[in-house]
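A quick write-up on the structure given underneath.
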Ligand SMILES: Nc1nc2c(ncn2[C@@H]2O[C@H](COP(=O)(O)OP(=O)(O)OP(=O)(O)O)[C@@H](O)[C@H]2O)c(=O)[nH]1
């Protein structure tokens, strides 16, 4: 067995659904541990978490906030993670570097589903986690009902650690289920031990039994005691809680009111006594407990308002020193962070989370070591989410266009769930992300941080067109007399449709040199240029054109003249070939809780989608996976609709699949709108 070092630090992520009270809990944790002397509030926009202008404007977390505090000689680093699904990537990237997570949720049975993706992530990564049922001052549902509803969406068993005294506005305290000691809450002060409320004996007993039975599933000794009706010693229960939480076998559940600091101290006590030390998760990631070579991983990248780059890292092994060279780049500053405040430190030991300055070229998720080049092996990183929502963007000021690629690169370094491209057909600059708010925040950042205000519109659909029937021997003659030299080109073309996906094919069947060799490339260029913009206004694909005949003039012919002649022939011929509009079709795979499968399929068919089938989603209890084809034109706000149908948890993966004819009625509208210069957005 390797030697274990009991570390004096703990890294804890605060996660949970949107607006469940994570930032409020962090504020309370900092207050009760003395890191701040006065609490801020979300309403007054003065909390330690959510300190960026974008977060304050919207009163929601849009990125991970870091805060350090000390409690009973342990340095806690808390990462307050955004709850909105649109910022899930930020949360996932940070979660891989913590020792434990506190899942904050509201006491509402109907909303527990919103926790499912988070529980899944925590369980896949075996990150020990506790649940803090917050806003108990507003609870309409009974605590045990909420607990049982939560159990249904977690693959790990939830274990009650406390039982409430009172409910909703009448909540006055809690009973610790390990010690069976009752406490009354006091605003601004620790809870007071009080005599056990006799009227709760039965409920408390049932909750405690549930806790012990869940613990006994992983401890035969405890099981025997329960079977023989022997009261287990408290130390044994605490030891089981610690061991089983550390091994991510169980999920202890706490309750409280973050806004009033109720239940926050007991939660801290549990983090102190029951949550695992940094070595636990390190061992689980397969990192040697004895290794000395500094090894760290980037959990987040940010640029300060002054433009300096900071990489938030978890030190997994060894000691990082300021000025050390990591992956060939010299660290320019080492900081401990609380909100916007940075404190310089000289070194950071294994287990700590610190920020490193100026690690140019290093990205979120990267593994860092002091080896001269790259580390020997990369640590696993959180999966990259597929971008699902796009906006076309242009710089508000034309002169700013040159800034786009640099600013976008920095933006994406900070937030890897964004992506951008310049579309090959439409030439639009497209910003991709996880939803509308996500992109609006990115645009706010571009304006504020990079002085690059942008205007947005819906991206055009890259429609194409093709033909249904051939046209033979279409004629184009270009004859132009201007002063000295004339221009002469004369061609006959056969145009015929190709199968879908074959693209473009040009051939010549000239006999007897009626079109001299050197002019034939001009014919092909003329045809290609014409096809970039067909009769319906879009690039033409899946067409074969053959030059079959023509004539020339010894003095006046040129490649240029034949190019013009070919264009004229195409202009003449293509409209005769029954041009049709083609649209890109995506292959889409929707993941949704089973309860919403039928609705999601209706959504697909209502948007001209073709459902190919559905089945139980692998590894996701109670979820389905629906495979379908969906026109790209219908995908633009699909994620918004899907989320609103599925309590925000449904998601999808997609990729371009093929081109398909657009139904006539839809095509008419697209062509008319395009011809009117309105782009082709619906
Ligand atoms: N009644 C009540 N309200 C609370 C409590 N905790 C937080 N709130 C309120 O709930 C709202 C959301 O609180 P936040 O702390 O911003 O929630 P959050 O989970 O950090 O939000 P996101 O990170 O944006 O998902 C705010 O209006 C808080 O004042 C609580 O214990 N009781």
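Taking residue 20, is it near the ligand (Cβ under 7 Å from one of its atoms), at pLDDT 90 or above and part of a loop (DSSP other than H, G, I, E, B)?
yes
Is region 516-533 home to any residue that is more than 18 Å from residue 465 (Cβ to Cβ), part of a loop (DSSP other than H, G, I, E, B) and out of contact with any helix residue (DSSP H, G or I) (no Cβ under 7 Å at 6 or more places or on another chain)?
yes
Are any of the residues in region 238-252 surrounded by fewer than 16 Cβ atoms within 10 Å (Cβ to Cβ) and not in a helix (DSSP H, G or I)?
There is at least one residue in region 238-252 that is surrounded by fewer than 16 Cβ atoms within 10 Å (Cβ to Cβ) and not in a helix (DSSP H, G or I).
Those residues that are assigned to a helix (DSSP H, G or I) and more than 8 Å from the ligand (Cβ to nearest atom), I need them from region 31-57; list them, please.
Restricting attention to region 31-57, the residues satisfying the condition of being assigned to a helix (DSSP H, G or I) are 31-32, 53-57.
Of everything in region 31-57, those that are assigned to a helix (DSSP H, G or I) and more than 8 Å from the ligand (Cβ to nearest atom) turn out to be 31, 32, 53, 54, 56, 57.
Residue check: is residue 28 under 29 Å from the mean Cα position of the chain (by Cα), farther than 21 Å from residue 335 by Cα and near the ligand (Cβ under 8 Å from one of its atoms)? Before you say what the answer is, go through the steps one by one.
On the way: under 29 Å from the mean Cα position of the chain (by Cα): yes; farther than 21 Å from residue 335 by Cα: yes; near the ligand (Cβ under 8 Å from one of its atoms): no.
Here the answer is no, as residue 28 does not meet what is asked.
Within the bounds of region 253-267, is there any residue that is more than 16 Å from the ligand (Cβ to nearest atom) and either surrounded by 18 or more Cβ atoms within 10 Å (Cβ to Cβ) or not in a loop (DSSP other than H, G, I, E, B) (or both)? Give the steps one after another, and end with the answer.
So the first thing to find is which residues in region 253-267 are more than 16 Å from the ligand (Cβ to nearest atom), and the list is none.
No: region 253-267 contains no residue that is more than 16 Å from the ligand (Cβ to nearest atom) and either surrounded by 18 or more Cβ atoms within 10 Å (Cβ to Cβ) or not in a loop (DSSP other than H, G, I, E, B) (or both).
From 385, 312, which residue is within 21 Å of the chain's Cα centre (by Cα), outside any loop (DSSP other than H, G, I, E, B) and under 17 Å from residue 64 (Cβ atoms)?
Among 385, 312, only 312 is within 21 Å of the chain's Cα centre (by Cα), outside any loop (DSSP other than H, G, I, E, B) and under 17 Å from residue 64 (Cβ atoms).
Can you run down the residue pairs with Cβ atoms below 6 Å, 6 or more apart or on separate chains, where the first is in region 41-64 and farther than 16 Å from residue 91 by Cα and the partner is in a loop (DSSP other than H, G, I, E, B) and more than 11 Å from the ligand (Cβ to nearest atom)?
Correct list of pairs: 48/339; 51/339; 51/340.
Can you go through 407, 382, 395 and tell me which one is touching a helix residue (DSSP H, G or I) at 6+ places or on another chain (Cβ under 6 Å) and under 20 Å from residue 306 (Cβ atoms)?
Numbers: 382 fails: under 20 Å from residue 306 (Cβ atoms); 395 fails: under 20 Å from residue 306 (Cβ atoms).
Criteria check complete, one pass: 407.
Residues checked against (1) over 49 Å from the mean Cα position of the chain (by Cα); (2) closer than 15 Å to residue 514 by Cβ:
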| site | (1), (2) |
| --- | --- |
| 536 | no, no |
| 542 | no, no |
| 549 | yes, yes |
| 552 | yes, yes |
| 557 | yes, yes |
| 560 | yes, no |
| 574 | no, no |
| 577 | no, no |
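Taking region 58-71, which residues are within 12 Å of the ligand (Cβ to nearest atom) and on the phi < 0 side of the Ramachandran plot?
Keep residues of region 58-71 that are within 12 Å of the ligand (Cβ to nearest atom), which gives 58-65.
Within region 58-71, 58, 60, 61, 62, 63, 64, 65 meet the criteria.
Being part of a loop (DSSP other than H, G, I, E, B) and either under 23 Å from the mean Cα position of the chain (by Cα) or crowded, with 18+ Cβ neighbours inside 10 Å (or both) is true for just one of 323, 365. Which residue is that? Walk me through how you get there before you give the answer.
Details: 323 fails: either under 23 Å from the mean Cα position of the chain (by Cα) or crowded, with 18+ Cβ neighbours inside 10 Å (or both).
Within the list 323, 365, the selection yields 365.
The values are calculated or read from the model by the stated rules, or taken from the named source; none is laboratory data. Please read all numbers here as calculations on a predicted model, not as lab measurements. When we count neighbours, we look across all protein chains shown, and the Cβ atoms used for this are built from the backbone with ideal geometry, even at glycine.
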